[in-house]
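The values are calculated or read from the model by the stated rules, or taken from the named source; none is laboratory data. Since the model is a prediction, treat every value here as computed from it, not as a measurement. Note that we place each Cβ from the backbone using ideal geometry, even for glycine, and neighbour counts take in every protein chain shown. Surface areas here come from the heavy atoms of the whole protein model, side chains and all, with no ligands, DNA or RNA. Shrake-Rupley method; radii C 1.70, N 1.55, O 1.52, S 1.80 Å.
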Amino acid sequence: MNQIEILFSIVQRKVVQPNDFTDLTRVRDRLRAFEDRYNATAQSFQWKFTTTDPDDLLARLDRHTPADRQEEPSASPLTWSTIEGADH
């Protein structure tokens, strides 16, 4: 998700959502107060995955998948060639 979309989502939920404003001045004041409070407490996002972590996670999930679980015979694997050959 784009960073600005995240910010707008936070503003929507924490500032605008109560929707009990009598005029635009109150909206402006509430947005400014939120901005001051948010800037004082906000921290940088710490990304927890390295480039190899997704592969490690998938391997762990595969180890926990029951061995008797198999795909249905009628289901063919989706490959790039089947996507390219699909009619649009």
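If you plug each phi of region 14-28 into the Karplus form 6.51 cos²θ - 1.76 cosθ + 1.60 with θ = phi - 60°, what whole-Hz ³J(HN,Hα) values come out, in order, with x for Gly and Pro?
9, 10, 8, 3, x, 6, 10, 7, 8, 7, 5, 4, 5, 5, 4
Would you calculate the separation in nanometres between label points at residue 62 and residue 14, each defined as 7 Å from the Cα along the Cα-to-beta-carbon direction?
If labels sit at residue 62 and residue 14, their model points lie 4.1 nm apart.
Averaged per residue, what accessible surface does region 1-62 expose to a 1.4 Å probe, in Å²?
92 Å²
Mind listing the phi-derived Karplus ³J(HN,Hα) values for region 30-44, rounded to whole Hz, using 6.51, -1.76 and 1.60 with θ = phi - 60°, and x for any glycine or proline?
Karplus values, whole Hz, x for Gly and Pro: 5, 5, 5, 5, 5, 4, 4, 5, 5, 5, 6, 10, 5, 10, 5.
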